[in-house]
Amino acid sequence: MSYQTGTGPRTAVVTGAASPRGIGFAVASRFAAEGWPVALLDIDAAGAEAAADKIAGEFGTRVVGIGVDVTDEDSVARAVEALAAAGLPPVGALANIAGVASPVPFLEVDMREWRRVVDINLTGTFLTCRALLPQMLEHGYGRIVNMSSVSAQQGGGVFSKTPYSAAKAGVLGLTRSLAREFAPQGITVNAVSPGVVDTDIRAGATDEANEAALAAAVPLGRQGTPADIAALVVFLSSEDASYITGTTQNINGGSYIA
Ligand SMILES: NC(=O)c1ccc[n+]([C@@H]2O[C@H](COP(=O)([O-])OP(=O)(O)OC[C@H]3O[C@@H](n4cnc5c(N)ncnc54)[C@H](O)[C@@H]3O)[C@@H](O)[C@H]2O)c1
């Protein structure tokens with residue numbers, strides 16, 4: 001079965017989906033579990049292909065893995081061509097999950113680190129939106145979910161500092177502006193803003209005692225899981241979410257209550 005919208009079957013594109021312990025992989029899996037054909041896009045091309053095979057094997061939907069550097073306009077264009085060549089239905093949902101953390105203290109942030117973090121977290125989101133919105137407009141169904149972070153709202157996070165906060169705050173502005181511009185065509189654009197989620201993004205930056213302290217600091221008593229985030233992203237991509245746009249969806253166990 002493929003995911004069927006009122007206007008026909010649609011494919012979900014998920015960036016940053018190669019890491020088996022990551023949020024993107026969980027999002028791609030959840031889309032597949034709900035019957036969507038899925039394209040996993042990641043700078044780790046081999047990882048994306050392996051992840052796609054795993055998800056296809058588990059859920060029986062069509063899943064492809066494609067290499068992309070979301071910061072590179074030509075690479076994004078090539079990924080969109082590869083997706084078209086794979087013969088999946090038109091893209092109806094785009095989840096921009098690719099991202100990197102940056103623990104560097106502000107006075108040590110050089111131009112290279114600034115550009116790396118802003119390019120992957122913010123410019124990458126701009127490039128994939130611009131590349132895939134035309135398909136959504138042409139085929140009459142579009143849901144975009146962009147990954148921000150509580151770090152954007154509270155001014156830094158546990159593992160990330162200024163460039164990351166700035167880039168993720170930029171994602172909120174991009175999201176709101178796109179939401180307003182494309183609402184007349186029925187395209188919805190929302191941001192998801194997690195607190196601490198147990199993935200490899202901060203690999204090496206923590207230990208067991210620190211992990212326990214992180215969980216204890218969350219009112220709901222645990223870190224988030226990739227599956228928690230995936231359920232929200234896939235709901236926001238569904239037909240049931242057609243009246244939700246321009247929002248920032250906080251998902252943090254109560255650790256940031258705005
Ligand atoms: N884990 C958390 O605590 C947390 C909290 C808030 C927000 N987030 C955000 O969630 C998203 C996913 O994070 P995660 O924890 O699953 O991290 P992760 O490191 O497990 O996954 C990130 C993925 O992005 C891919 N990627 C990196 N650079 C890329 C590029 N240039 N082009 C394409 N793909 C690229 C990586 O290969 C990786 O598969 C990120 O945007 C992150 O900022 C994470």
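The values are calculated or read from the model by the stated rules, or taken from the named source; none is laboratory data. Keep in mind that this is a model prediction, so the values were computed, not measured. Don't worry about glycine lacking a Cβ; one is built from the backbone with ideal geometry, like all the others, and counts go over all protein chains shown. All accessible areas refer to the heavy atoms of the entire protein, side chains included, with ligands and DNA or RNA removed. Shrake-Rupley method; radii C 1.70, N 1.55, O 1.52, S 1.80 Å.
For region 142-168, filtering for residues that are open to solvent by 40 Å² or more (accessible area, probe 1.4 Å) and more than 9 Å from the ligand (Cβ to nearest atom) leaves 6. Residue count for region 224-258 under the criterion of being among the small types (Gly, Ala, Ser) and assigned to a helix (DSSP H, G or I): the result is 4. Residues that are surrounded by fewer than 19 Cβ atoms within 10 Å (Cβ to Cβ) and away from the ligand (no atom under 14 Å from the Cβ) within region 63-76 are absent altogether. Of all the criteria given as (1) open to solvent by less than 70 Å² (accessible area, probe 1.4 Å); (2) in contact (Cβ under 8 Å) with a residue 12 or more places away in the chain, the one not satisfied by residue 212 is (2). Taking region 186-196 as the range and being over 15 Å from residue 241 (Cα atoms) and either in contact with a His (Cβ under 8 Å, 6 or more places away or on another chain) or open to solvent by 40 Å² or more (accessible area, probe 1.4 Å) (or both) as the test, only 196 passes. When you check residue 177 against the structure, is it hydroxyl-bearing (Ser, Thr, Tyr) and more than 18 Å from the chain's Cα centre (by Cα), yes or no? Criteria not met by residue 177. Residues that are more than 16 Å from the chain's Cα centre (by Cα) and within 12 Å of the ligand (Cβ to nearest atom) were ranked within region 216-251; the one that is surrounded by the fewest Cβ atoms within 10 Å (Cβ to Cβ) is 218. Exactly one of these conditions fails for residue 27: (1) near the ligand (Cβ under 7 Å from one of its atoms); (2) buried (at least 24 other Cβ atoms within 10 Å of the Cβ); (3) among the β-branched types (Val, Ile, Thr). Give me its number. If we test residue 27 against (1) near the ligand (Cβ under 7 Å from one of its atoms); (2) buried (at least 24 other Cβ atoms within 10 Å of the Cβ); (3) among the β-branched types (Val, Ile, Thr), just (1) comes out false. The residues of region 30-62 that are open to solvent by less than 20 Å² (accessible area, probe 1.4 Å) and either within 11 Å of the ligand (Cβ to nearest atom) or of a type in the set (Ser, Thr, Tyr) (or both), listed by number, are 40, 41, 47, 48, 51, 61.
Applying the selection to region 45-80, what residues are closer than 21 Å to residue 118 by Cβ and touching a strand residue (DSSP E or B) at 6+ places or on another chain (Cβ under 9 Å)? Within region 45-80, 68, 70, 75, 76, 79 qualify. Between 138, 113, 108, the distinction of being over 20 Å from residue 68 (Cβ atoms), in contact with a helix residue (DSSP H, G or I) (Cβ under 8 Å, 6 or more places away or on another chain), open to solvent by 20 Å² or more (accessible area, probe 1.4 Å) and of a type in the set (Asp, Glu) belongs to 113 only. Beta carbons closer than 7 Å, at least 6 apart along the sequence or on distinct chains, pair a first residue in region 83-112 that is within 16 Å of the ligand (Cβ to nearest atom) with a second that is open to solvent by 50 Å² or more (accessible area, probe 1.4 Å) and outside any helix (DSSP H, G or I) for 101/201; 102/161; 103/161; 103/205; 104/161.
All of (1) open to solvent by 50 Å² or more (accessible area, probe 1.4 Å); (2) modelled with pLDDT of 95 or more; (3) in a loop (DSSP other than H, G, I, E, B) hold for residue 103 with one exception: (2). In region 24-44, the residues that are of a type in the set (Val, Ile, Thr) reach residues that are open to solvent by 10 Å² or more (accessible area, probe 1.4 Å) and more than 9 Å from the ligand (Cβ to nearest atom) with C-beta atoms within less than 8 angstrom, at least six apart or across chains, in these pairs: 38/61; 38/62; 38/63; 38/64.
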